[in-house]
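S.K.: Once you've had a glance at the structure underneath, I'll fire off some questions.
The values are calculated or read from the model by the stated rules, or taken from the named source; none is laboratory data. Note that this is a predicted model, so its numbers are computed, not measured. Cβ: placed from backbone, ideal geometry, glycine included. Neighbour counts: every protein chain shown. What goes into the accessible areas is simple: the full protein's heavy atoms, side chains included, and nothing from ligands, DNA or RNA. Shrake-Rupley method; radii C 1.70, N 1.55, O 1.52, S 1.80 Å.
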Amino acid sequence: MNERDGAGNSFRELMGHFPSGLTIVTGLDKGAPTGFTCQSFFSVSLTPELVAFSVRKESATFPALRAGGRWAVNVLSAAQVRIGHAFGRPGDRFAGVAWRPGLRTDCPILDGSLAWMECVAHTEVAAGDHDIVISRVVNHGVGEGFPLLYFKGRYAHLDPVS
Ligand SMILES: Cc1cc2nc3c(=O)[nH]c(=O)nc-3n(C[C@H](O)[C@H](O)[C@H](O)COP(=O)(O)O)c2cc1C
């Protein structure tokens, strides 16, 4: 047990104790595929079908997606850990990554994703050093496999409770 009032125990470390899945938010920048690793994804509304994520105000990738008003969210499978790494750091993120354009938005749907959704912009809420981006799902699909998880700053696999 490690109880503190915040001092010394970083907020990042605190939040690391909340496990999540991982997504890659993808889109097009002047016709070229682009995207970033995103942990903060969550579902917002059933009717209409809304989802959200928070994005760093300093993100170099998201402004082009915002300008186009559309993006795709790819839920990573355990087999896609390399993609999770690659899209979370600078470099040619799409090198060796197979994808197809979504039918409704043209945004990249990554092969092997556990689930994917094409989204259009709905609302944005400024929140500290991030923006909360709410979008409407206009097309979606599911794949096969198990999820890639993120916990305490590390990638992890699902270990189902028996
Ligand atoms: C595991 C993981 C989770 C991340 N989650 C988010 C997130 O929820 N929101 C965000 O803006 N950036 C998140 N990032 C950071 C972005 O992936 C990172 O800012 C981006 O790759 C940097 O490039 P950009 O400037 O092109 O956005 C995450 C990175 C990693 C490795």
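S.K.: What number of residues within the range 118-131 are within 16 Å of the ligand (Cβ to nearest atom) and under 13 Å from the mean Cα position of the chain (by Cα)?
M.R.: Result for the range 118-131: 1.
S.K.: Further question on the same structure: Can you tell me how many residues within the range 64-87 are of a type in the set (Phe, Trp, Tyr) and near the ligand (Cβ under 10 Å from one of its atoms)? Break it down stepwise before answering.
M.R.: Going residue by residue through the range 64-87, those that are of a type in the set (Phe, Trp, Tyr) are 71, 87.
Keeping just the survivors that are near the ligand (Cβ under 10 Å from one of its atoms) gives 87.
Adding up the residues that qualify gives 1.
S.K.: A further question follows. Would you confirm, using the coordinates I've provided, whether residue 70 is within 27 Å of residue 156 (Cβ to Cβ) and not aliphatic (A, V, I, L, M)?
M.R.: Details: within 27 Å of residue 156 (Cβ to Cβ): no; not aliphatic (A, V, I, L, M): yes.
No, not satisfied.
S.K.: Another question, then. Go through the range 118-150 and give me each residue that's under 16 Å from residue 74 (Cα atoms), among the acidic types (Asp, Glu) and open to solvent by less than 70 Å² (accessible area, probe 1.4 Å).
M.R.: 118
S.K.: Let me ask something additional. Would you mind telling me which numbered condition in (1) within 14 Å of the ligand (Cβ to nearest atom); (2) modelled with pLDDT of 95 or more residue 91 fails?
M.R.: The failed condition is (2).
S.K.: If I go through the range 132-154 residue by residue, how many of them are within 14 Å of the ligand (Cβ to nearest atom) and more than 14 Å from the chain's Cα centre (by Cα)?
M.R.: Counting residues in the range 132-154 that are within 14 Å of the ligand (Cβ to nearest atom) and more than 14 Å from the chain's Cα centre (by Cα) gives 4.
S.K.: With the condition kept exactly as written, say whether any residue in the range 44-63 is in contact with a strand residue (DSSP E or B) (Cβ under 8 Å, 6 or more places away or on another chain), over 16 Å from residue 131 (Cα atoms), within 16 Å of the ligand (Cβ to nearest atom) and modelled with pLDDT of 95 or more.
M.R.: So far as the range 44-63 goes, no, none of its residues is in contact with a strand residue (DSSP E or B) (Cβ under 8 Å, 6 or more places away or on another chain), over 16 Å from residue 131 (Cα atoms), within 16 Å of the ligand (Cβ to nearest atom) and modelled with pLDDT of 95 or more.
S.K.: Further question: Name the single residue, out of those in the range 7-29 being more than 18 Å from residue 133 (Cα to Cα) and aliphatic (A, V, I, L, M), that is nearest to the ligand (Cβ to nearest atom).
M.R.: Selected residue: 15.
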